[in-house]
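Reading through the structure tokens given below for one structure.
Any read-out appearing in this document is the output of simple, stated calculations on the displayed coordinates, not a laboratory observation. Predicted model only: the values in this text are computed from it and were never measured. No Cβ is skipped: glycine too gets one built from the backbone with ideal geometry, and neighbour counts run over all protein chains shown.
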Amino acid sequence: MILLLNPLLSNVSDASSDEVIVSKYLKSQNGAYFDILYKRYSAKVYARSISLLKNEVIAQDAVQDIFIKILTNLSKFEGKSKFSSWLYSITYNHCIDYIRRNKKSRTLQLDEVFDLEAEKSEIDDKLILETQFSQLKYIMEEIPPKDKSILFMKYQDGMSIKDISEVTNKSESAVKMQIKRAKEKFMNLKDNFFPAET
């Protein structure tokens, strides 16, 4: 393993906190530290990028651009928030800026970007229920809290649409739409993180 052969990295492992790795990079300027951050977050940045940009090639380019921004601005990271939060903020802003710059044939409102997923066909529950536990845990960490909550109510707790409607104080049709969108987000993440498995 390359990291073990590099004396500068002997006291840093893949389990080290982001903040420790950032600090080590800033002190040494050793690219191997930045590589750890890239390996740790590139898939997550890609998943967030493609969910906004809706295009694999553009999302892949965005990942490269975002990590160049991260690299060139790493000295500005002050540790006031988690590194992951700082990185996702840069990711979100980069993607939204791209969308704003590229309103060509039709104007795309920001709300539309998030609502495009609702146009897809219904996802079979079987695709979610058959997800391996190790993958499920990883994907659910990336799902927004409201979506995670409604998926847990439906699939873990076995609640009916009516019961979820009462708990969330939403109409049954609103609950159905939220479940539909949450399932689509789940499958997008699964496709991005585990493409060989789908």
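Can you sort F83, F194 from fewest to most other Cβ atoms within 10 Å of each residue's own Cβ?
Ranked by crowding around the Cβ, least crowded first: F194, F83.
Would you mind calculating the gained length between K170 and D191 on full extension (0.36 nm times residue separation, minus the Cα-Cα distance), in nm to one decimal?
Working it through step by step, the gained length comes to 4.6 nm.
K80: which lysines have alpha carbons under 27 Å from its alpha carbon, excluding same-chain residues fewer than 8 sequence positions away?
Reachable lysines: K24, K27, K39, K44, K69, K146, K148.
Students often check this: by mean Cβ neighbours within 10 Å, which of 34-45, 53-64 ranks highest, and how do the rest follow?
Descending mean neighbour count gives 34-45, 53-64.
Between L74 and S16, what is the label-to-label distance in nm when each label sits 7 Å out along the Cα-to-Cβ direction?
Between L74 and S16, the simple spin-label model gives 1.1 nm.
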